[in-house]
Amino acid sequence: MAEPDQVPRIGRNESTEERMDRNWMELIQELRVLQTGVQILGGFLLTLPFQSRFADLDDWQRNLYLFNVMTAALTTVLIVLPVSVHRRLFRRGLKAVLVSSADIITRWALAGVALLITGSASLVFDVTAGRTAGLVAGACILLVVLVFVVAMPLWLQRRAIPNNGDSTNGTATNG
């Protein structure tokens, strides 16, 4: 008979409430990382109209700029939305609803960040190297984002599930 400390452990020994608390804290940490990036890009965008070359932008560049500002603003709203939901659901015994909704909101915020990165880089390339360079840069960045932010996590999830035989992998929605 194996000693208890020699038996391999799979998963965590935590209650549902402890798991929800851990998942909530992990989501909040992820949102902090997103918030910093959006603030930096958003701040950069807000300074552009005060630059002398801003008046030289053509209609495409100006519209792309406004799209980026709107994307930054909406993504910021998405990033702070889980805090608002938390305030509303606080001490109501709805932690699972809070964590599940925050997970969905965070996924949308990630999509907003992807659009913001793509649009901002496209604008910079367009202004500095021309329209073709801007479109190519935007398409390349969007492709990289899709590979690393969408496809890679899906591939890792599919690869991990057969290895441990358990579909609950500690994510906000599953565990």
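The values are calculated or read from the model by the stated rules, or taken from the named source; none is laboratory data. Only a predicted model underlies this, so the values are computations on that prediction, with no experimental measurement involved. No Cβ is skipped: glycine too gets one built from the backbone with ideal geometry, and neighbour counts run over all protein chains shown. Ligands, DNA and RNA are excluded from the accessible area calculation, which covers all protein heavy atoms including side chains. Shrake-Rupley method; radii C 1.70, N 1.55, O 1.52, S 1.80 Å.
Leaving out ligands and nucleic acids, note down the accessible area per residue over the chain with a 1.4 angstrom probe, in whole Å². Numbers along the way, then the final one.
On the way: 11740 Å² over 175 residues.
That works out to 67 Å² for each residue.
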Notebook entry, point to check: For ARG53 and VAL85 in the same chain, what is the full-extension length gain: residue separation times 0.36 nm, less their Cα-Cα distance, in nm?
Noted result: 7.4 nm
Checklist line | Segment GLN29-VAL124, extension gain: residue separation times 0.36 nm, minus the distance between their alpha carbons | finding: 31.2 nm
Next item on the list: Return the sequence-ordered ³J(HN,Hα) values of the stretch 61-70 in whole Hz as given by the Karplus equation 6.51 cos²θ - 1.76 cosθ + 1.60 applied to θ = phi - 60°, using x for Gly and Pro.
Entry: 5, 5, 5, 5, 4, 5, 4, 5, 5, 5
Check: With springs only between Cα atoms under 10 Å, which of ILE161, ILE104, ILE28 fluctuates most in a Gaussian network model of the chain?
Finding: ILE161
Notebook entry, point to check: Which residue, chosen from TYR65, ALA55, VAL97, occupies the Cα position most advanced towards the positive end of the dipole of the stretch 45-111, where the dipole is computed from +1 (Lys, Arg) and -1 (Asp, Glu) charges on Cβ about the Cα centre?
Noted result: VAL97
Next item on the list: Give the accessible area for GLU17 in Å² (nearest 10); use a 1.4 Å probe, count only protein heavy atoms, and leave out ligands, DNA and RNA.
Entry: 130 Å²
Note to self: I'd like the FRET efficiency for LEU46 and GLU17, computed as 1/(1 + (r/R0)^6) with the beta carbon distance as r and R0 of 35 Å, rounded to 0.05.
What the structure shows: 0.25
Note to self: As a test of the formula, what do you get for the chain when each DSSP H run with n ≥ 4 contributes -39,500 (n - 2.57) and the sum is divided by the residue count, at 222 nm and rounded to the nearest 500 deg cm²/dmol?
What the structure shows: -25500 deg cm²/dmol
Next item on the list: Kindly provide the trypsin sites (Lys or Arg not before Pro) of the stretch 67-148 that DSSP labels as loop, not H, G, I, E or B, and whose Cβ sees at most 16 other Cβ atoms within 10 Å.
Entry: ARG91, ARG92
Check: If ligands, DNA and RNA are left out, what is the accessible area of MET25 with a 1.4 Å probe, given in Å² to the nearest 10?
Finding: 100 Å²
Note to self: So if I take the centroid of the Cα atoms in the stretch 97-167 and the same for the stretch 28-58, what is the distance between those two points in Å?
What the structure shows: 18 Å
Next item on the list: Could you order ASP103, ASP59, ASP21 so the one with the most accessible surface comes first? Probe is 1.4 Å.
Entry: ASP59, ASP21, ASP103
Checklist line | Entry for mean projected area of the Cα convex hull in nm² (calculated from the structure that is shown) out of [x] 10.9; [y] 11.7; [z] 13.5 | finding: [z]
